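**Student:** My questions will all concern the structure given below.
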Amino acid sequence: MSASYRDALRAALLYLLLSVIWLQASDYLLNSLFDHSVERMRWQLINGYVWMVLSAGLIFIARARRLRSRIGAKSRERSEDRERLQQAAAVFDCTREGVLVTDRNGLIVHVNRAFMEITGYQGEEVLGQRPNLFKSGRHSADFYQAMFATLDRLGEWSGEIWNRRKSGEIYPQWQTIRIIFDELGRRSHYVAVFSDISAIKHSEHELMHLAHHDPLTDLPNRLLFTDRVEQALASAQMHKRGCALLMVDLDHFKMINDSLGHTIGDQLLKAVAQRLQAMFGPGIALARLGGDEFAVLAESCPQLVQAAALAQRIIDGLKEPFPIDGQSLFINASIGISLFPSDALNAEQLLRNADSALFKAKSAGRDGYALYTEELTAHARQRVELAFELRRALEDQQLRVHYQPVHDFQTSRLVGVEALVRWEHPQRGLVSPAEFIPVAERTGLIADIDAWVMRQACQQMCQWRQAGVELSFVAVNVSSRLFARRELYQQVSQVLRETGLDPACLELEVTESAVMDDPEVALEQMHRLRELGVCLAIDDFGTGYSSLLRLKRLPVQKLKIDQGFVAGLPCDEDDSAIVRVIIALAQSMGMQVQAEGIEQVEQAAFLLEHGCHLGQGYWFGRPMPVGKLDWAHAPLIR
Ligand code: C2E
Ligand code: MG
Ligand code: MG
């Protein structure tokens, strides 16, 4: 029951009740006041009149009040409507979205201020026109057909649409079109609300570009390149074509960064990217995969010879100096080549195999290219197996430490030993560290191996000293992978603490590359180790690319001449000259010098003659297990 109906009912009941009360009261009064019937009738008549007048008055008052409240409601409604319209007009004008209204025939009847700002048209220029005035020509007829079909079906359509501004510029909009119906349910208007999304599109595009390109060279990055390789392989497969992937790595680029600074390094990378780009025509894609590593994809490369020729062209092309910051810089490159479909059938494999081939090119002395072959695959597989077995070897205690004596030629005394790890493989016998150390380094097992060797060597040295063997030092090799890590310091101090070995008796051998790869970190690490009191030696000296300036700053006590130079002594002039230079260098820097790989007495004689009196080699003794060491030349203290 509605409220107004309830009110009317309540009023009627009240009216009825009052009437009954009035009639009863008047009847009683008339009965008691008048005896004469004529008189009573007259009074009854007057009473009836009064009641009628009163009722009519009451009804009039009630109606007047209702009318007044209705008039009030109507005018309130009207002013609210006015307010609403004002608000809508303000929103319509202030909104940042463009608004366009057409009548049912599609003729523009209204546009707002944002519309004019976005499209560049003034209101009067478009009123009475059709919205196809803004068509960009980017969408097909099917697009508009689908749009109107949705609009008819749902009464609304939203989507991205490209339109044309008055200036002719095409831009993207996000648009919503809605049909407006009148009270009779007929279409009366179409309203389109849109925003200009060109800025969003632009940033989207920029983000996409950033995600897929290297910011320094603007070349495609690994993500985009892998995608391109996948597409190229799919197309090559379809057209029965061959592809080649070349992994190009700059040789010793780190040295440029270290010696000339990162700004010059960056400029060189940019220049290399530009030169490479200029070398290739269409069908060859170039990318920077990171650091100094570039990748080249030749989409049509039927044979190995073509891939090799391309690699040679790259190597030769980079030979020309790069003029940077007023100086000429030279850089070489090593290249690994992998072919589709002979070496790999998918992008990931192709990239991985090119990487293995690159490793081969680097190992073969850099500045050249290497091809991926089945042989390499077998080698890689072997390495994986080896890594698995090596993990078990550590747990099953299959590792051994052998010691190679170090002699002082002047006194003919054994002054120290170098600890060299061996793997006693249950099937293969003794495996050389040259074979498994690289695997251990790649798999991270080297940390455990080196820690174990160091502990064994220090314990052994303590036992020798307790037994009265007069040995000045035990040398332990530290992998370059560990050298830059801060744990090394903790590891060494812990081993020294636990074994109680005098730190001066422990010599740590680090390779030249470990020191030169990150000289600042190496320097800090070396100073900390020196504070512990241990000695530091640079192993295989002469094979790396030491900067003499840096070498001078290092707290190193010994240089170990690489056996490659010792092998040529005394006849090879180059080797002899190099060895003489290293000895002179060590002496001038106040370092000891020790030769390794001495196999003939003449080599020892040459070294002694030129001022190097420490050495190790088969001529003095091979690396041996503890029990087999010959102490004959090592006089006992007691
Ligand atoms: P290295 O530190 O330069 O060790 C010297 C290598 O030369 C040893 O090879 C030794 O057996 C060999 N050698 C010694 N005298 C002669 C000689 O007169 N002629 C010839 N031809 N060779 C000689 P080995 O034991 O095979 O070790 C190879 C390399 O493996 C070592 O070179 C060292 O870099 C690494 N290595 C060995 N043990 C460890 C270890 O415990 N940790 C780490 N990180 N590396 C190790
Ligand atoms: Mg060594
Ligand atoms: Mg060595």
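The values are calculated or read from the model by the stated rules, or taken from the named source; none is laboratory data. Predicted model, so just to flag it, every value in this text is computed and none were measured. Positions of Cβ are backbone-derived with ideal geometry, glycine not excepted, and every protein chain shown enters the neighbour counts. The protein model used for the area step is the full one, side chains on, heavy atoms only, and it has no ligands, DNA or RNA in it. Shrake-Rupley method; radii C 1.70, N 1.55, O 1.52, S 1.80 Å.
**Student:** Of the residues Q600, Q594, only one is within 16 Å of ligand 1 (Cβ to nearest atom), at pLDDT below 95 and among the polar types (S, T, N, Q); which? Before the answer, list the steps.
**Tutor:** On the way: Q594 fails: at pLDDT below 95.
It is Q600.
**Student:** With open to solvent by less than 40 Å² (accessible area, probe 1.4 Å), within 16 Å of ligand 3 (Cβ to nearest atom) and of a type in the set (S, T, N, Q) as the only criterion, which of Q460, Q404 stands out?
**Tutor:** Numbers: Q460 fails: within 16 Å of ligand 3 (Cβ to nearest atom).
Just one listed residue meets the conditions, Q404.
**Student:** Something else: I need a count of the residues in the stretch 315-331 that are farther than 13 Å from L246 by Cα and either open to solvent by less than 60 Å² (accessible area, probe 1.4 Å) or part of a helix (DSSP H, G or I) (or both). Reasoning before the result, please.
**Tutor:** In the first step, residues of the stretch 315-331 are kept if they are farther than 13 Å from L246 by Cα; the result is 316-331.
Narrowing further to those that are either open to solvent by less than 60 Å² (accessible area, probe 1.4 Å) or part of a helix (DSSP H, G or I) (or both): 316-318, 321-322, 324, 329, 331.
Qualifying residue count for the region: 8.
**Student:** Continuing with this model, one more query. Can you tell me which residue among S493, S479, S513 is more than 19 Å from G416 (Cβ to Cβ), at pLDDT 85 or above and within 16 Å of ligand 3 (Cβ to nearest atom)?
**Tutor:** After ruling out the rest, the residue left standing is S479.
**Student:** So which of L569, L585, L554 is modelled with pLDDT under 95, farther than 18 Å from E507 by Cα, more than 16 Å from ligand 3 (Cβ to nearest atom) and touching a strand residue (DSSP E or B) at 6+ places or on another chain (Cβ under 9 Å)?
**Tutor:** L585
**Student:** Under 8 Å by Cβ, and 6 or more places apart or on different chains, what pairs join a residue from the stretch 190-207 that is within 12 Å of R96 (Cβ to Cβ) with one that is of a type in the set (F, W, Y) and open to solvent by less than 40 Å² (accessible area, probe 1.4 Å)?
**Tutor:** D196/Y171
**Student:** When only residues in the stretch 106-142 that are part of a loop (DSSP other than H, G, I, E, B) and open to solvent by less than 60 Å² (accessible area, probe 1.4 Å) count, which is nearest to R165 (Cα to Cα)? Reasoning before the result, please.
**Tutor:** Within the stretch 106-142, the subset part of a loop (DSSP other than H, G, I, E, B) is 106-107, 112, 120-122, 127-130, 136-140.
Checking the rest, the ones that are also open to solvent by less than 60 Å² (accessible area, probe 1.4 Å) come to 106-107, 112, 120-121, 128, 136, 139.
On the way: G106: 19, L107: 18, N112: 15, G120: 6, Y121: 8, G128: 18, S136: 9, H139: 16 Å.
The extreme case among them is G120.
**Student:** Out of everything in the stretch 371-390 that is modelled with pLDDT of 85 or more and closer than 21 Å to G429 by Cα, what residue ends up being surrounded by the most Cβ atoms within 10 Å (Cβ to Cβ)?
**Tutor:** L390
**Student:** Answer with yes or no whether A393 is open to solvent by less than 10 Å² (accessible area, probe 1.4 Å), farther than 30 Å from A344 by Cβ, assigned to a helix (DSSP H, G or I) and within 16 Å of ligand 2 (Cβ to nearest atom). Steps first, answer last, please.
**Tutor:** Working: open to solvent by less than 10 Å² (accessible area, probe 1.4 Å): yes; farther than 30 Å from A344 by Cβ: yes; assigned to a helix (DSSP H, G or I): yes; within 16 Å of ligand 2 (Cβ to nearest atom): no.
Here the answer is no, as A393 does not meet what is asked.
**Student:** Then there's this: Scan (1) open to solvent by less than 50 Å² (accessible area, probe 1.4 Å); (2) at pLDDT below 80 for the single condition L399 breaks and write down its number.
**Tutor:** With (1) open to solvent by less than 50 Å² (accessible area, probe 1.4 Å); (2) at pLDDT below 80 applied to L399, the lone miss is (2).
**Student:** While we're here: From the list Q349, Q312, exactly one residue is open to solvent by 40 Å² or more (accessible area, probe 1.4 Å) and without any contact (Cβ under 8 Å) to a residue 12 or more places away in the chain. Which is it?
**Tutor:** The match here is Q349.
**Student:** Collect the residues in the stretch 151-188 that are part of a helix (DSSP H, G or I) and either open to solvent by 20 Å² or more (accessible area, probe 1.4 Å) or touching a residue at least 60 places away in the same chain (Cβ under 8 Å) (or both), keeping them in residue-number order.
**Tutor:** If the condition is that a residue be part of a helix (DSSP H, G or I) and either open to solvent by 20 Å² or more (accessible area, probe 1.4 Å) or touching a residue at least 60 places away in the same chain (Cβ under 8 Å) (or both), then D152, R153, L154 are the ones that fit.
Yes/no per residue for (1) in contact with a helix residue (DSSP H, G or I) (Cβ under 8 Å, 6 or more places away or on another chain); (2) more than 16 Å from ligand 1 (Cβ to nearest atom); (3) open to solvent by 30 Å² or more (accessible area, probe 1.4 Å); (4) among the small types (G, A, S):
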site: P519; (1), (2), (3), (4): yes, yes, no, no
site: Q525; (1), (2), (3), (4): yes, no, no, no
site: R528; (1), (2), (3), (4): yes, yes, yes, no
site: E531; (1), (2), (3), (4): no, yes, yes, no
site: A537; (1), (2), (3), (4): no, no, no, yes
site: L548; (1), (2), (3), (4): yes, yes, yes, no
site: P555; (1), (2), (3), (4): yes, yes, no, no
site: K560; (1), (2), (3), (4): no, no, no, no
site: Q563; (1), (2), (3), (4): no, no, yes, no
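**Student:** In the stretch 453-544, which helices (runs of 4 or more DSSP H) lie fully inside it and hold 2 or more residues that are touching a strand residue (DSSP E or B) at 6+ places or on another chain (Cβ under 6 Å) and either at negative phi or away from ligand 2 (no atom under 16 Å from the Cβ) (or both)? Quick ask: steps written out before the conclusion?
**Tutor:** Working: elements: 480-483, 487-499, 512-517, 519-532.
So the answer is 480-483.
**Student:** Out of G568, G590, report the one residue that is outside any helix (DSSP H, G or I) and open to solvent by 50 Å² or more (accessible area, probe 1.4 Å). Give the steps one after another, and end with the answer.
**Tutor:** Numbers: G568 fails: open to solvent by 50 Å² or more (accessible area, probe 1.4 Å).
Answer to the selection: G590.
**Student:** Continuing with the same structure: Considering the stretch 571-581 alone, what residues qualify as being more than 15 Å from ligand 1 (Cβ to nearest atom) and either open to solvent by 10 Å² or more (accessible area, probe 1.4 Å) or outside any helix (DSSP H, G or I) (or both)?
**Tutor:** C571, D572, E573, D574, A577, I578, R580, V581
**Student:** Also: Select from the stretch 416-430 the residues that are buried (at least 19 other Cβ atoms within 10 Å of the Cβ) and more than 8 Å from ligand 1 (Cβ to nearest atom) and list them in ascending order.
**Tutor:** G416, V417, W423
**Student:** Sort out which residues of the stretch 411-452 are in a helix (DSSP H, G or I), under 23 Å from T499 (Cβ atoms) and within 16 Å of ligand 3 (Cβ to nearest atom), and write them in order of number.
**Tutor:** Residues satisfying the conditions are P433, D450.
**Student:** Same structure, new question: Does the stretch 294-317 hold any residues that are under 13 Å from D249 (Cα atoms) and out of contact with any Lys or Arg (no Cβ under 6 Å at 6 or more places or on another chain), and which are they?
**Tutor:** Start the filter on the stretch 294-317 by keeping residues that are under 13 Å from D249 (Cα atoms), which leaves 294-296, 311, 314-315.
Residues satisfying the conditions are A295, V296, A311, I314, I315.
**Student:** May I ask you to list the residues in the stretch 279-295 that are part of a strand (DSSP E or B) and open to solvent by 20 Å² or more (accessible area, probe 1.4 Å)?
**Tutor:** I284, R288, L289, G290, E293, listed by residue number.
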